[in-house]
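Asker: Right, I'll just put the structure down here and ask away after.
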Amino acid sequence: MHVSPDGDAVGSAFALACWLRAKGSPAYCLCAEEIPARLRFLLGDEQESLLLSSLPQGFEEARVVTVDVASPMQLG
């Protein structure tokens, strides 16, 4: 999702991740910045952080999907 994430970016990313997990695919939401405190409830129990450093040891991405991003420059 884009830097300075807002509710629609966070909601879109976590909805997609939830769907992917339900289909059996490991999925994590990442952002160059943490989300604002007022939106932390959207993380649920799935993740504690959106930073790249929070990915589990040994996790290897098979694909990267962006949501709510109009240009690569918005990824940070």
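Asker: Among residues other than Ala13 whose Cβ falls under 12 Å from its Cβ, what is the net charge (Lys/Arg +1, Asp/Glu -1)? Show your work: numbers first, answer last.
Answerer: Values: positive: none; negative: Asp6, Asp8, Glu46, Asp68.
Overall, the nearby charge balance is -4.
Asker: May I pose another question? I want the local charge near Ser54. Using Cβ-Cβ distances under 12 Å, sum +1 for each Lys or Arg and -1 for each Asp or Glu among the other residues.
Answerer: Values: positive: none; negative: Glu34, Glu46, Glu48.
Result for the neighbourhood of Ser54: -3.
Asker: Same structure, new question: Kindly state, as a whole number, the per residue volume in cubic angstrom of the convex hull around the alpha carbon atoms of the chain.
Answerer: Values: hull volume 7.1 nm³, N = 76.
Hull volume normalised by residue count: 94 Å³.
Asker: A further question on this structure: Rounded to a whole number, what % of the accessible area of the chain do carbon and sulfur atoms account for, probe 1.4 Å? If you can, show how the numbers build up before the last one.
Answerer: Numbers: 2870 of 5160 Å².
Answer for the chain: carbon and sulfur cover 56 percent of the accessible area.
Asker: Compute the length gained on full extension between Glu60 and Glu33: take 0.36 nm times their separation in residues and subtract their Cα-Cα distance, giving the result in nm to one decimal.
Answerer: Working: separation 27, 0.36 × 27 = 9.72 nm, distance 2.09 nm.
Net length gain for the segment: 7.6 nm.
Asker: Tell me which residues come under 5 Å, amide H to amide H, from Tyr28 once H is placed; ignore anything under 5 positions away on its chain.
Answerer: none
Asker: Can I ask one more? Please sort by residue number the chymotrypsin sites (Phe, Trp or Tyr not before Pro) in the chain whose DSSP state is loop and whose Cβ has at most 15 other Cβ atoms within 10 Å. Don't skip to the answer; put the middle values down first.
Answerer: Working: sites: Phe14, Trp19, Tyr28, Phe41, Phe59; in loops: Tyr28, Phe59.
Passing sites in the chain are Phe59.
Asker: Could you calculate the FRET efficiency of Ala22 with Leu75 from 1/(1 + (r/R0)^6), where r is the beta carbon distance between them and R0 is 25 Å, rounded to 0.05?
Answerer: Details: r = 26 Å, r/R0 = 1.02.
With R0 = 25 Å, the Cβ-Cβ based efficiency is 0.45.
Asker: With every protein chain kept in place and ligands, DNA and RNA left out, what is the accessible area per residue of the chain? Probe 1.4 Å, answer in Å². Don't jump to the answer; show the numbers that get you there.
Answerer: Working: 5160 Å² over 76 residues.
Roughly 68 Å² per residue, with all protein chains present.
The values are calculated or read from the model by the stated rules, or taken from the named source; none is laboratory data. Predicted model only: the values in this text are computed from it and were never measured. Reconstructed Cβ throughout: ideal geometry from the backbone, glycine too, with neighbour counts over all protein chains shown. Ligands, DNA and RNA are excluded from the accessible area calculation, which covers all protein heavy atoms including side chains. Shrake-Rupley method; radii C 1.70, N 1.55, O 1.52, S 1.80 Å.
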